[in-house]
């Protein structure tokens, strides 16, 4: 593998790792709907502020979210709404896997 290819794969992996947590998936989904501040996300996730801030930091470092300070609050937005297309692909994989499992269960009952 060429060095440039490796760099590209590493960059992709960084983004995928950043979204690979249930709370961060929820954050992405919420930010797709509208901008949110840490307090709103904390309530939605049911975690403490420091935990949510760490999740937001991971997403920001991966280039997935942007922040804007307004007064005492920091509001977060989704930088690349196209990530929702990836989420749609994940849903298709889940549906295909569920169908496969259903077929396996039917075959086992025979």
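The values are calculated or read from the model by the stated rules, or taken from the named source; none is laboratory data. Just so we're clear, the structure is a prediction, and the values are computed from it rather than from any experiment. Neighbour counts are summed over all protein chains in view; Cβ atoms, including those assigned to glycine, are modelled from backbone coordinates with ideal geometry.
Summary of values
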| quantity | calculated |
| --- | --- |
| Hits in the stretch 56-69 (condition: surrounded by 10 or more Cβ atoms within 10 Å (Cβ to Cβ) and either more than 18 Å from residue 32 (Cβ to Cβ) or at pLDDT below 95 (or both)) | 57, 61 |
| Pair list, Cβ under 6 Å, 6 or more apart: the stretch 1-16 residue without any contact (Cβ under 8 Å) to a residue 60 or more places away in the chain and not assigned by TED's automatic domain parsing to the domain that holds residue 90, other residue surrounded by 10 or more Cβ atoms within 10 Å (Cβ to Cβ) and in a helix (DSSP H, G or I) | none |
| Test result for residue 83, touching a strand residue (DSSP E or B) at 6+ places or on another chain (Cβ under 6 Å), on the phi < 0 side of the Ramachandran plot, touching a residue at least 12 places away in the same chain (Cβ under 8 Å) and surrounded by 11 or more Cβ atoms within 10 Å (Cβ to Cβ) | no |
| Any hit, the stretch 44-55, residues being surrounded by fewer than 13 Cβ atoms within 10 Å (Cβ to Cβ) and closer than 18 Å to residue 87 by Cβ | no |
| Which numbered condition residue 66 misses (of (1) touching a strand residue (DSSP E or B) at 6+ places or on another chain (Cβ under 8 Å); (2) in a helix (DSSP H, G or I)) | (2) |
